[in-house]
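Trainee: One structure is given below, represented as structure tokens, and several questions about it will come after.
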Amino acid sequence: MALEIECLIKLEGNFFPEEEQKVEKDSLHRITMTRLESLKKSSHFGTVLKNRVINNDFYAIYRKKNFIKKVSNEKKLYISFVMRKKVGNAVKRNRIKRKLKGIVQRMLKANNSINLNYTYIIFGKEKIYSEESNSLFKDMEKSFKKINRE
């Protein structure tokens, strides 16, 4: 009898309350997270590359006020990470791009130093490969703060 009552309660209630909380947390995370969207068209690259803002030993940043029409209400940061073939083989270039992307994602989570109303292109340079992420993070944070003051 007690077993039947427990079964009925489980049928009426929630089987796994932890999973429901996890699903709610994931959906909230997706809503608040800024999505990185890469530029696709050559004309978009050409438009942004006319405006250089920052150039240092590790990267060059180009930006332009958003000109891409947004389809949805999602928070999107239009940003592309570009490497020249002179930098090294594909493994090295991809590692540098991953490092840059990780730094930008950390910056988006930590603070609002990146303005979402602009489209960015970041050209990575070879020195990034041997540099530590934490020092690059601080350097890039200063660069984006400087860009936002302009």
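Trainee: More than 22 Å from Met33 (Cα to Cα), assigned to a helix (DSSP H, G or I), in contact (Cβ under 8 Å) with a residue 12 or more places away in the chain and out of contact with any strand residue (DSSP E or B) (no Cβ under 6 Å at 6 or more places or on another chain): does that describe Asp139?
Mentor: For Asp139, the condition - more than 22 Å from Met33 (Cα to Cα), assigned to a helix (DSSP H, G or I), in contact (Cβ under 8 Å) with a residue 12 or more places away in the chain and out of contact with any strand residue (DSSP E or B) (no Cβ under 6 Å at 6 or more places or on another chain) - is met.
Trainee: Here is a follow-up. Can you work out which of the residues in region 81-125 that are outside any helix (DSSP H, G or I) and without any contact (Cβ under 8 Å) to a residue 12 or more places away in the chain is farthest from Ile68 (Cα to Cα)?
Mentor: Asn89
Trainee: Hey, does region 109-124 have a residue that's out of contact with any strand residue (DSSP E or B) (no Cβ under 6 Å at 6 or more places or on another chain) and buried (at least 16 other Cβ atoms within 10 Å of the Cβ)?
Mentor: From region 109-124, those out of contact with any strand residue (DSSP E or B) (no Cβ under 6 Å at 6 or more places or on another chain) are 109-115, 117; that's our starting set.
In the following step, the residues that additionally are buried (at least 16 other Cβ atoms within 10 Å of the Cβ) were identified as 113-114.
Scanning region 109-124 turns up at least one residue that is out of contact with any strand residue (DSSP E or B) (no Cβ under 6 Å at 6 or more places or on another chain) and buried (at least 16 other Cβ atoms within 10 Å of the Cβ).
Trainee: When residues of region 114-124 are filtered for being at pLDDT below 90 and not aliphatic (A, V, I, L, M), how many remain?
Mentor: Within region 114-124, residues that are at pLDDT below 90 and not aliphatic (A, V, I, L, M) number 3.
The values are calculated or read from the model by the stated rules, or taken from the named source; none is laboratory data. Because the structure is a prediction, the values reported are computed rather than measured. Using ideal geometry, Cβ is built from the backbone for each residue, glycine included, and neighbour counts are taken over all protein chains shown.
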